[in-house]
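Note sheet for the following structure.
Laboratory data are not the source of any read-out in this text; all were calculated from the coordinates shown. Note that the structure is a prediction, hence the values are computed from the model and not measured. Neighbour counts are summed over all protein chains in view; Cβ atoms, including those assigned to glycine, are modelled from backbone coordinates with ideal geometry.
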Amino acid sequence: PPVAGPAGLAEVGLTATGHPLLGAGLELPGTDAVAFTGSVSLGTHPWLADHAIMGSALLPGTAFLDLALAAGEHVGCPRVDDLALQAPLALPAHGSVRLQVRVEGAEPDGRRQVGVYSRPEDDEDAWTQHAIGVLAPETGPSPEALTEWPPPGAEPVSVDGLYDDLAATGFAYGPLFRGLRAAWVRDGAVYADIALPDETAGVAGYGLHPALLDAALHALGCAHLVEDWKDGQLPFAWTGARIHAVGARALRVRLRAENGGIALIAADAGGQPVAEIESIRLRPVADARTVRASAGVGLSRVEWVPVVPADDRADDDVTLVPVAGRGTDGDLVAEVRAGVAAALARLQEQLADERPGRLMFVTRGAVAALQHEEPDPVAAAVWGLVRSAQSE
């Protein structure tokens, strides 16, 4: 008789995480590294449609932080020492995206490297790394409580029209992300009340719901802590992040500019610590093309077009300079240095001539023309030098 298939994650060797974006974890053999996997889409996580930037639904940067915190909690490293976002994750209108958070083995001090990756559900080879960082086991003391609220001497500031202004710059926040309720300023710091809508479901499982933390950053628009806020800002780097309580639906938040970033303390309705982040760095979003291109959204593709030599160019106007690639047995570092030095000398010699003419450096294998190719390091270094010379 046929045998029934596996009934759950444990039967296929996986460990359930309980996180809404990361369904399971898998220990990797031969090391204490762990990979956490999940799937995300606008169908399974419709609240993400409320985070539309320049016309694209993007996974918020706060969600990447929550993924790293969740993975760190499972491996005994609950603090995110550093997390830098490398590429945004645009969610397709249809279909899902596979997520993977990989936590490397522990170093002697207990710290672990972490990376966040994704790929479309229908393309097993198209993995993109979205974030890289370091997890740490130490937690340190809890931040100060925010029991006096609003703080004595804090001046209220208006939050009316903030989300309309953000929408005009391409930040179309839906109801779930419009969590800023009130704000005050005192001594260069911004204090704010943040809350999720009353009807919000699905908060359980997140250390701190990404929409709640994202809305806390909107309070920066009420003061002048961030330059060019009117142009739209997104978080891209986090330092010293730690969750002290889970399941919050409302926050008291203090934001203050420190060491080139924004320091955040979040507390519950009674003022007790919920989260702290030593530094958040933001950067402006230039336009829709930047967002869509970096997120892999669009119809662009690489196409190789044959070059037809111009008939009116005399042969003696162009000097061909062959570039030797890497040898078979030599010292790679020495070969790269020699190749770049020779190209630099040839460039300087040509530019010093009163009638320089044209140089054409002929490389082979300097770039990966086809998938899975690896560039020749010597030719690639010369390629980069000559392109720099062209720019200058």
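For the range 315-391, relative contact order (Cα pairs under 8 Å, six or more residues apart, normalised by length) works out to 42 percent. Pairs of Cα atoms nearer than 8 Å and 6+ residues apart set the relative contact order; for the chain it is 13 percent.
Using 0.36 nm per residue and subtracting the Cα-Cα separation, the extra length available between E354 and T169 on full extension is 61.5 nm. Listed peptides 54-62, 15-23 appear in the order 54-62, 15-23 once ranked by packing, highest mean of other Cβ atoms within 10 Å at the front. Computed over the chain, the per-residue total of -39500 (n - 2.57) for DSSP H runs of n ≥ 4 gives a 222 nm mean residue ellipticity of -5500 deg cm²/dmol, rounded to 500. With the highest mean first, a sort of the peptides 243-251, 357-365 on other beta-carbon atoms found within 10 angstrom per residue produces 243-251, 357-365. Among the chymotrypsin sites (Phe, Trp or Tyr not before Pro) within the range 65-174, those in coil by DSSP and having at most 15 neighbouring Cβ atoms inside 10 Å are W127.
The residue among P46, L59, H74 whose Cα reaches farthest toward the positive pole of the charge dipole of the range 18-91, with charges on the beta-carbon of Lys, Arg, Asp and Glu, is P46.
To the nearest ten degrees, helix 332-352 and the longest principal axis of the Cα atoms of the chain are 70 degrees apart.
Look at where the Cα atoms of the range 315-392 and of the range 72-101 average out, and the two centres are 39 Å apart. Each of S158 and H94 was given a label point 7 Å from its Cα along the Cα-to-Cβ line. The distance between the two points is 4.5 nm.
Got a sec? Which residues in the range 348-392 would a label at V318 touch, if it sits 7 Å along Cα→Cβ and we count backbone N under 16 Å? Output list for this probe position: 357-364. Treating r as the C-beta distance of A334 and E373 and R0 as 35 Å, the FRET efficiency rounds to 0.90. Between S388 and V305, the distance separating the two model label sites (each 7 Å from Cα on the Cα→Cβ line) works out to 2.9 nm. Of the beta bridges in the chain, as assigned by DSSP with both residues counted there, near 95 percent are antiparallel.
If only the Cβ of Lys and Arg carry +1 and only the Cβ of Asp and Glu carry -1, the dipole of the chain around its Cα centre is close to 480 debye. When you work out D = kT/(6 pi eta Rh) for the range 315-391 at 37 °C and 0.692 mPa s, using the Kirkwood radius from C-alpha pairs as Rh and the Stokes-Einstein form, the result is 247 µm²/s. Among W47, W304, a tally of other beta-carbon atoms within 10 Å of each Cβ gives an order, fewest to most, of W304, W47.
When the Cα gyration tensor is reduced to axis lengths a ≥ b ≥ c, the ratio a/c is 1.5 or higher for the range 13-301, and with a/b not above b/c it is classed as oblate. Thinking of the range 51-129 as a set of Cα atoms, what percent of all their pairs are more than 16 Å apart? In whole percent, the long-distance tail amounts to 55. Provide the FRET efficiency to the nearest 0.05 for the A250-T31 pair, computing r from the beta carbons and using R0 = 30 Å. In this case the efficiency is close to 0.15. Length gained on full extension, D125 to W149: 3.5 nm, using 0.36 nm per residue less the C-alpha separation. Estimated from the Cβ-Cβ distance and a Förster radius of 30 angstrom, the FRET efficiency linking E107 and Q86 is about 0.90.
With the highest mean first, a sort of the peptides 95-105, 340-350 on other beta-carbon atoms found within 10 angstrom per residue produces 95-105, 340-350.
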